[in-house]
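Below you'll find the structure, written out as structure tokens, and then a few comments.
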Amino acid sequence: EAGVAQSPRYKIIEKRQSVAFWCNPISGHATLYWYQQILGQGPKLLIQFQNNGVVDDSQLPKDRFSAERLKGVDSTLKIQPAKLEDSAVYLCASSPRQGAYLEQFFGPGTRLTVL
Amino acid sequence: AQSVTQLDSQVPVFEEAPVELRCNYSSSVSVYLFWYVQYPNQGLQLLLKYLSGSTLVKGINGFEAEFNKSQTSFHLRKPSVHISDTAEYFCAVSDLQFSGGYNKLIFGAGTRLAVHP
């Protein structure tokens, strides 16, 4: 079974530029998560999708971050414009459905450096 | 509000020695508890989880954890570590949000386990 795929693996941009990350979850997984992991911290949930609907985006900085999962499969996270403090690893995860007891399966992440 | 505290940011240990990584949480409701491991340049992988029942939970790679409700702790242990256990370990807590019934994982800051020969 293929795992969660993410691209690119690394990205370096200047502040005020735009960037987009792509995630393809495990086949059949209805729930998709985007996390931000700043160096020295644990992952922080940015947004959670159930199929193509947003379940929780309470910690997404909506003035600069956006995310979509149009067909309920793969997802894109965008930052526009980027700030220095956005430097982090962006992790995508998926689970078969919603459930507090369920394991989340994580991709390898995209390491973003904003100069 | 939920929070997770991992008491040690780094734990150095010699190969074949025992190790304990400490985790405390705060929550006003019943919780589910998880330990995830992150190897360099990889995503997180589930080690073990506590949902209910026996307070001693066994996971992959010889790890185990004990849920202590009175102390709100969920410490991770391994009796004999290997070089390959060098990684970042994250404790996480999840409960059902009252609005909508969806789950949210709250992670601790992580503990870096460094196993030396």
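The values are calculated or read from the model by the stated rules, or taken from the named source; none is laboratory data. Here the structure is a predicted model, which means the values were calculated and not measured. Every residue, glycine as well, gets a Cβ built from its backbone with ideal geometry; the counts of neighbours run over all protein chains shown. The accessibility values were calculated without ligands, DNA or RNA, using every heavy atom of the protein model including side chains. Shrake-Rupley method; radii C 1.70, N 1.55, O 1.52, S 1.80 Å.
Filtered by the rule that a residue be within 22 Å of residue B:104 (Cβ to Cβ), part of a loop (DSSP other than H, G, I, E, B) and more than 9 Å from chain B (Cβ to nearest Cβ), segment A:76-115 gives A:96, A:97. With respect to the conditions (1) at pLDDT below 95; (2) within 14 Å of chain A (Cβ to nearest Cβ); (3) under 29 Å from residue A:54 (Cα atoms), residue B:26 lacks only one, and its number is (2). Where strands (runs of 3 or more DSSP E) fall entirely within segment B:32-117, those with at least 2 residues that are among the aliphatic types (A, V, I, L, M) are at B:32-38, B:44-50, B:56-58, B:87-96, B:103-107, B:111-116. Does any residue of segment B:75-88 turn out to be among the basic types (Lys, Arg) and open to solvent by less than 40 Å² (accessible area, probe 1.4 Å)? Looking for residues that are among the basic types (Lys, Arg) and open to solvent by less than 40 Å² (accessible area, probe 1.4 Å), one finds at least one in segment B:75-88, hence yes.
Restricted to strands (runs of 3 or more DSSP E) entirely inside segment A:1-75, those with at least 2 residues that are under 26 Å from residue B:4 (Cα atoms) are A:31-37, A:44-50, A:53-56.
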